1. At a Cα cut-off below 12 Å, give the aspartates and glutamates reachable from Lys49, other chains included and same-chain residues fewer than 8 away excluded.
2. Name the residues whose placed amide hydrogens come within less than 5 Å of the amide hydrogen of Thr51, ignoring near sequence neighbours (fewer than 5 apart) on the same chain.
3. Looking at this model, which pairs from Lys37/Lys140; Lys47/Lys200; Lys181/Lys277; Lys71/Lys181; Lys127/Lys181 are more than 23 angstrom apart at the alpha-carbon?
4. As I understand it, the dipole of the stretch 193-277 uses +1 on the Cβ of Lys and Arg and -1 on the Cβ of Asp and Glu, about the Cα centre. Which of Gly266, Pro208, Ala229 lies farthest toward its positive end?
5. Under 5 Å between amide H atoms, partner at least 5 residues away or on a different chain: which partners does Val264 have, H built in plane at 1.01 Å?
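Values quoted throughout were computed directly from the atomic coordinates according to the rules given, and no laboratory measurement underlies them. From a predicted model like this one, the values you see are computed outputs, not experimental measurements. Cβ placement follows ideal geometry from the backbone for every residue including glycine, while neighbour counts extend to all protein chains displayed.
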Amino acid sequence: MQNMKKLVLQKENMQTNVSLTPSVDQVRRVRGRNMCKQVASLEIGQKLKVTFYNNRTVGTNSNLFSRHLGKIVRDRNICPLGVSSWHDIKQERLNHMWAAVEHKFESVDMNDHSDHILGWMNELWNKWRGHLHAKYVKDKPIQQSLKNVLRGVDKKNGNGCKAYCEQIQAGSTRNAANRAKLKMLHHIGSKPIREIIYQKGGKDGNPPDLATIFFETRKKDNKLVEPEAIEKHAQLKEMVQADPSLPTIEIVEKCCGPQTRSHVFGFGGGVKAKDLKGRTSSKAELLSMLRSTREDIKSLNEENKSLNEENKSLTNRLSTLEDAMKEVMKMKELFVAHQSHVPATTSSFSTK
């Protein structure tokens, strides 16, 4: 009987120990920090080649390139933290970022895409700020958020997320509401849309039409699932077949409304509406053109004034000449009249 009680107690203790021991499967494993070891292990002077399409990288080393950009914008020694907007970053810091990109990667047209790459880094920087907001600010009391200090940031440089609490809160709420409205989600995972366009004929200069792009990015098991996606694909296909020469941006705006944001529907990152519609002048450029036009008008007015004065002078001279010609004509007429009244003296002499 005593042996049975001991066995029962041992069994209860075993169950208690098992329930109190945390399971390894319950610990969530994550990817961890972006170390980008393949890029970091490059030898001095060695660079990775990349190919650009639609202002972004595609093909081999494309993922390494984007990871390297993400690592740069998170490096406090390169990209500053204490700014509320990307446009507040000084030019020397932007030059430092560009040098860090060229130090590891190369391309035939690398310099031609410098502005697009910095714009890409701007997008990655904004996404990183959103991550900081979700980790340190969202659903937390403001007092606790202000006490958080980011890894690698000195306390004297600020109170961690203090620079982001108010700036990111409004954007995060707005983005969450916009994502909730999406009905036609793509099913390509982390693969960029430009990569699909590139592989479907873009690399040969013959990119697919918008209907094909829409199907390839929204298909699931080689077919469309969402009713909205099926309807939209039919609409795009009909418009493409009706007029194949119709510009893509016109098809997009007829089916999806005006494209005024940073991305154009069906193209992913890198392509903006102004790239398809034609570049529009900035406010500074318009003001410069206005000043130049005003200076040209002023110069033309002065030239016109000078010409008017010269014309007036010529008119006066011409009037003087006309008066002089009239006087000459009168004198000629008088002379002719006088000659007609004088008798001919040569006829009185004869050959006697």
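1. By straight Cα distance, Lys49 reaches Glu102, Glu106, Asp109.
2. Val58
3. As for pairs spanning more than 23 Å Cα to Cα, those are Lys37/Lys140; Lys47/Lys200; Lys181/Lys277; Lys71/Lys181.
4. Gly266
5. Excluding prolines and chain starts, which carry no amide H, the hits are Val271.
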